[in-house]
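Scroll down for the structure; my scribbles are underneath it.
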Amino acid sequence: MILDNIDLNDVQIEAIKHNDSPSMIIAGAGSGKTRVLTYKIAYLMKEKNIPPYNILALTFTNKAAKEMSNRIEKAVGLETNSLWLGTFHSVFAKILRFEADMLGFSRNFSIYDRDDSKSVIKSIIKELNLDDKIYNPNTVIARISGAKNRLMSAKQYYEDPICQSDDQTAKRPMLGKIFLMYEARCFKADAMDFDDILINTYRLFNQNPEILYKYQEKFKYILVDEFQDTNLIQYNIIKDLSAIHENICIVGDDAQSIYAFRGANIYNMLNFKKDFPKTKIFKLEQNYRSTKNIVNAANSVIKYNENQMPKESWTGNVAGDLIFITSCIDNIDEARKISDSILENHISKHYSYDKFAVLCRTNYQFRSLEEELRKANIPYKIVGGMSFYQRKEIKDMLAYFKFVINHNDEEAFRRIINMPKRGIGPTTVNKIIIAAHDNDMSIWDTLCNAQHILKGKTANIIEDFVEMIKASKIQLEKNNAFETASFIAQRSGLLKELFEDKTINGSSRYENVQELLNAAKNFSENKQEDNSLSDFIQEVSLLTGVDEADQKDDNLPKVTLMTIHSSKGLEFEYVYIAGMEEQLFPSALMINSKEDLEEERRLFYVAITRAKNAVYLSHASKRFKFGKLIDCVPSRFIKEIDPKFIHFQNKSFNFRSKNNFFNNKPFFKKNKIEKTNNIEEDINFEATDPKELKAGDNVEHQKFGKGKIHSITNSQGTIKAKVYFKDFGEKTLLLSFAKLRVIK
């Protein structure tokens, strides 16, 4: 038999052999679910003699489908070409190729990717003479996609009073009209976008019972991987296809449902037994990946969720290390401690760097981590993203800084002149550059004389651009890097454009630019001399130059930096989870409802269970956010871990004792103002007038803590103080900027 000599436990074997009624395999982290699903398909083909074309197996990634196909071929010794195995989109697109004429499409219909859809939306917005800053194409696409995933047609959306009211409130009353035009434009072009592939498959089956029946008879056995990630449309299609034979097997873990923002509905799994009453449930609870302490710590956290299927993961592995918790001064200190720990474990445990992963809730956290890893000569890679300083929005902002510093930087000029959009196209840009070359003038002088080269509205736009650069130049000459960078970010309009893009990607880009400003803030505070924007740009340029050189050797083992969402399905020997703070993890956007908070807790569960040998959690007492140093509160998720599975690595900043941490909860301070998009500093902190400060004063700084002034100097009106801080040593501070408060 195919299962002979295969290392499977009793529950796995039982789940593989059960194929005569609906079944649900609840597969905990590291429980070998892919192995079970693979051998279940192989068992059907080899032992039950089910033709492969009668089996439908759905996955969420092409990689998973390919891996499963290879494993099945190896197990049964047969090719799997006739097996219907693939992603939802690839399988349903294949069905639509055969049946598209029933929906008015040809069998050769095009499939639009996101860029194609965006191009169509842009042209519609332009035709309707709408402001693309208000009707941001990304926002419009997200709104249309959300409607489609709720099974709404453009006509239904256009006539729905709630949708219309929401669009009116968002000051986008024409969005319904755009949706109508977009749907019509795609149909005329004989094209479907990714959402259409799902919704048109659903319509195909619901409008044509005879076609549905054909595929119900064809797919006698249906298997679905990662079922907790299915959305409403996917579930309805699966339910329709399995209505006759009911030989459907779903595999997943409700505790790892973390994609609600993509439309995933955890209730598809929680309520599955209601739709299929004869469902037999198998629980794969043995974890083959992690140590006992990691498994038990994860269990102790996820039990706080009410909406879940009861299970108790366990492992036969060694107890291993406790969960390490490190308290840090700020995000820079956190990055440094993570870097030092990786280096120490790399040397002492002899693990190569690719055995380590640093997981973050958001992309913008990578900036300080990258810099510290570079300083320690630790190679790294960012999965699912790119180096912080290589992101488009960061390059755009840096180009603004460079052009303010150097008005003749032609590359910077080309990048920023129409970013954000001003109506300056390539023709105008080329005309300016040609005029500069022909008249032997600099780019800047040519721009200043635009009225002689260009006419009408275009000349006025260039004139406004020049005034903005001049105003920024004044800031450059009198202010530090942070103050100048903040002025440019706001005056350029780039920050405003990113803020108004409310899509997930838009929010991420906005946070990245804010993190760039945080870097400028940290630079300004830690370098009281040579802290201009020019000095900051020089430092950044050197960092990015080193980064590009270091990343060329792709064969070099590297530490992995990634968001927690990107880490699902992966495993590492050592996992560091940074930013374990309220408002960051859980996210400030996810604490207003029980459902959202439970999803954040599942995300934390996923993060912990990526680790084989050790988990390190870190949190900062203070963190730069939106240009301000804010007080941070340790994440509630830390407190939800059973204390017997925790080891505190230090107790100097927030943790006085284990009992104090878990019982008295000293971290939640009532004198802080918290807002969704703007978290302010301690409202009771009032800096002393610099003129009243004198040598010998005991003072307090919001970042460096308590210290004592050693000396004060006044050079041409610039007042500086040398202050010795207990935790940071001596600092030279510019008193017009440092904000010190005298204490007794």
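The values are calculated or read from the model by the stated rules, or taken from the named source; none is laboratory data. Predicted, not measured: the structure shown is a model, and the values here were computed from it. Here Cβ is always computed from backbone atoms with ideal geometry, including for glycine, and neighbour counts include all displayed protein chains. Side chains included, ligands, DNA and RNA excluded: accessible areas come from the protein's heavy atoms. Shrake-Rupley method; radii C 1.70, N 1.55, O 1.52, S 1.80 Å.
Go over the candidates LYS658, LYS694, LYS644, LYS703 one by one and state the one that is modelled with pLDDT under 80 and open to solvent by 60 Å² or more (accessible area, probe 1.4 Å).
Numbers: LYS694 fails: modelled with pLDDT under 80; LYS644 fails: modelled with pLDDT under 80; LYS703 fails: open to solvent by 60 Å² or more (accessible area, probe 1.4 Å).
Result of the check over LYS658, LYS694, LYS644, LYS703: LYS658.
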- Item | Leading residue by the ranking (modelled with the lowest pLDDT) among those in the range 407-447 that are open to solvent by 70 Å² or more (accessible area, probe 1.4 Å) and under 23 Å from VAL513 (Cβ atoms) | GLU411
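Name the residue, out of ILE197, ILE134, that is buried (at least 19 other Cβ atoms within 10 Å of the Cβ), on the phi < 0 side of the Ramachandran plot and either touching a Phe, Trp or Tyr at 6+ places or on another chain (Cβ under 7 Å) or not in a helix (DSSP H, G or I) (or both).
Unique residue meeting the criteria: ILE197.
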- Is there any pair with a first residue in the range 466-489 that is more than 27 Å from GLN451 (Cα to Cα) and a second that is at pLDDT 90 or above and open to solvent by 10 Å² or more (accessible area, probe 1.4 Å) whose Cβ atoms are under 8 Å apart and which are 6 or more apart or on different chains, and what are they? ASN479/PHE487
- Message: Could you list, ordered by first residue, the pairs with Cβ atoms under 7 Å in which the first is in the range 163-185 and over 14 Å from ILE134 (Cβ atoms) and the second is of a type in the set (S, T, N, Q) and open to solvent by less than 70 Å² (accessible area, probe 1.4 Å), at least 6 apart or interchain?
- Response: GLY176/GLN164
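Return yes or no: is ILE211 in a helix (DSSP H, G or I) and in contact (Cβ under 8 Å) with a residue 40 or more places away in the chain? Walk me through how you get there before you give the answer.
Values: in a helix (DSSP H, G or I): yes; in contact (Cβ under 8 Å) with a residue 40 or more places away in the chain: yes.
Yes.
GLU686 - would you say it is at pLDDT 50 or above, out of contact with any Gly (no Cβ under 7 Å at 6 or more places or on another chain) and loosely packed, with under 13 Cβ neighbours inside 10 Å?
Numbers: at pLDDT 50 or above: yes; out of contact with any Gly (no Cβ under 7 Å at 6 or more places or on another chain): yes; loosely packed, with under 13 Cβ neighbours inside 10 Å: yes.
Criteria met by GLU686.
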- Note on the structure: From the option list SER635, SER621, single residue qualifying as modelled with pLDDT of 50 or more, open to solvent by less than 20 Å² (accessible area, probe 1.4 Å) and touching a strand residue (DSSP E or B) at 6+ places or on another chain (Cβ under 8 Å) is SER635
- Query: Which one of TYR182, TYR213 is of a type in the set (Phe, Trp, Tyr) and at pLDDT below 95?
  - Reply: TYR182
- Message: If the requirement is being within 27 Å of GLN216 (Cα to Cα) and either under 34 Å from the mean Cα position of the chain (by Cα) or not in a helix (DSSP H, G or I) (or both), which of these qualifies: MET102, MET68?
- Response: MET68
- Determine whether the range 46-58 contains at least one residue that is more than 24 Å from ASN236 (Cα to Cα), open to solvent by 20 Å² or more (accessible area, probe 1.4 Å), in a helix (DSSP H, G or I) and at pLDDT 85 or above. yes
- Item | Residue satisfying all of: in the range 328-380; at pLDDT 90 or above and of a type in the set (Lys, Arg); nearest to the chain's Cα centre (by Cα) among these | ARG361
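Could you list, in sequence order, the residues of the range 153-169 that are within 21 Å of ASN231 (Cα to Cα) and either open to solvent by less than 30 Å² (accessible area, probe 1.4 Å) or of a type in the set (Phe, Trp, Tyr) (or both)? Steps first, please.
In the first step, residues of the range 153-169 are kept if they are within 21 Å of ASN231 (Cα to Cα); the result is 153-154, 156-157, 163.
Selection gives SER153, ALA154, TYR157, CYS163.
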- If you check LYS122 against the conditions, is it on the phi < 0 side of the Ramachandran plot and either surrounded by 14 or more Cβ atoms within 10 Å (Cβ to Cβ) or not in a loop (DSSP other than H, G, I, E, B) (or both)? yes
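So which helices (runs of 4 or more DSSP H) are wholly in the range 221-294 and hold at least 2 residues that are in contact with a strand residue (DSSP E or B) (Cβ under 7 Å, 6 or more places away or on another chain) and farther than 23 Å from LEU85 by Cα? Don't jump to the end; show me each part of the working.
Details: elements: 232-241, 267-270, 272-275.
Counting at least 2 such residues, we get no helices (runs of 4 or more DSSP H) at all.
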- What number of residues within the range 244-266 are surrounded by fewer than 20 Cβ atoms within 10 Å (Cβ to Cβ) and either of a type in the set (Val, Ile, Thr) or modelled with pLDDT of 95 or more (or both)? 1
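Please find, within the range 321-376, the residue that is surrounded by the fewest Cβ atoms within 10 Å (Cβ to Cβ) out of those that are in contact with a Gly (Cβ under 7 Å, 6 or more places away or on another chain) and assigned to a helix (DSSP H, G or I). Break it down stepwise before answering.
The initial filter retains those residues of the range 321-376 that are in contact with a Gly (Cβ under 7 Å, 6 or more places away or on another chain), namely 360-361, 363, 365.
Right, trim to assigned to a helix (DSSP H, G or I) and you get 363, 365.
Numbers: ASN363: 22, GLN365: 25.
Restricting to residues being in contact with a Gly (Cβ under 7 Å, 6 or more places away or on another chain) and assigned to a helix (DSSP H, G or I), the top hit is ASN363.
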- Query: Tally time: how many residues in the range 498-526 are surrounded by 23 or more Cβ atoms within 10 Å (Cβ to Cβ) and without any contact (Cβ under 8 Å) to a residue 12 or more places away in the chain?
  - Reply: 0
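Output yes when any residue across the range 108-115 is β-branched (Val, Ile, Thr) and surrounded by fewer than 17 Cβ atoms within 10 Å (Cβ to Cβ), and no when none is.
If we filter the range 108-115 for residues that are β-branched (Val, Ile, Thr), which is where we start, we get 111.
From the residues that got through so far, the ones that are surrounded by fewer than 17 Cβ atoms within 10 Å (Cβ to Cβ) too are 111.
Yes, the range 108-115 contains a residue that is β-branched (Val, Ile, Thr) and surrounded by fewer than 17 Cβ atoms within 10 Å (Cβ to Cβ).
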- Failed condition for GLY104, given (1) closer than 26 Å to ALA142 by Cβ; (2) touching a residue at least 40 places away in the same chain (Cβ under 8 Å): (1)
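So which of LEU398, LEU495 ends up being open to solvent by less than 70 Å² (accessible area, probe 1.4 Å), closer than 30 Å to GLU511 by Cβ and touching a residue at least 24 places away in the same chain (Cβ under 8 Å)? Step through it out loud before you land on a result.
Details: LEU495 fails: touching a residue at least 24 places away in the same chain (Cβ under 8 Å).
Of LEU398, LEU495, the one residue that is open to solvent by less than 70 Å² (accessible area, probe 1.4 Å), closer than 30 Å to GLU511 by Cβ and touching a residue at least 24 places away in the same chain (Cβ under 8 Å) is LEU398.
Would you confirm whether or not the range 420-440 contains a residue that is of a type outside the set (Phe, Trp, Tyr) and within 23 Å of VAL540 (Cβ to Cβ)? Lay out the reasoning, then the answer.
Within the range 420-440, the first condition is being of a type outside the set (Phe, Trp, Tyr), and the residues that meet it are 420-440.
So of that shortlist, the ones also within 23 Å of VAL540 (Cβ to Cβ) come out as 420.
Checked against the condition, which is being of a type outside the set (Phe, Trp, Tyr) and within 23 Å of VAL540 (Cβ to Cβ), the range 420-440 yields at least one hit.
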- In the range 577-607, how many are assigned to a loop (DSSP other than H, G, I, E, B), of a type in the set (A, V, I, L, M, F, W, C) and touching a residue at least 24 places away in the same chain (Cβ under 8 Å)? 3
- Task: Looking only at the range 73-99, count how many residues are of a type in the set (S, T, N, Q) and either buried (at least 20 other Cβ atoms within 10 Å of the Cβ) or assigned to a strand (DSSP E or B) (or both).
- Result: 2
- When the range 422-447 is examined, which residues are found to be touching a Lys or Arg at 6+ places or on another chain (Cβ under 8 Å) and part of a loop (DSSP other than H, G, I, E, B)? GLY423
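In the range 614-627, is there at least one residue being outside any strand (DSSP E or B) and touching a helix residue (DSSP H, G or I) at 6+ places or on another chain (Cβ under 7 Å)? Talk me through it step by step, then tell me what you get.
Step one: list which residues in the range 614-627 are outside any strand (DSSP E or B), which gives 621, 626-627.
Restricting the remaining residues to those that are touching a helix residue (DSSP H, G or I) at 6+ places or on another chain (Cβ under 7 Å) gives 626-627.
Yes, that holds for at least one residue.
Is it the case that ASN307 is open to solvent by less than 50 Å² (accessible area, probe 1.4 Å), more than 25 Å from the chain's Cα centre (by Cα) and touching a residue at least 24 places away in the same chain (Cβ under 8 Å)? It would help to see each step written out before you state the result.
Working: open to solvent by less than 50 Å² (accessible area, probe 1.4 Å): yes; more than 25 Å from the chain's Cα centre (by Cα): no; touching a residue at least 24 places away in the same chain (Cβ under 8 Å): yes.
No; evaluated as a whole, the condition is false for this residue.
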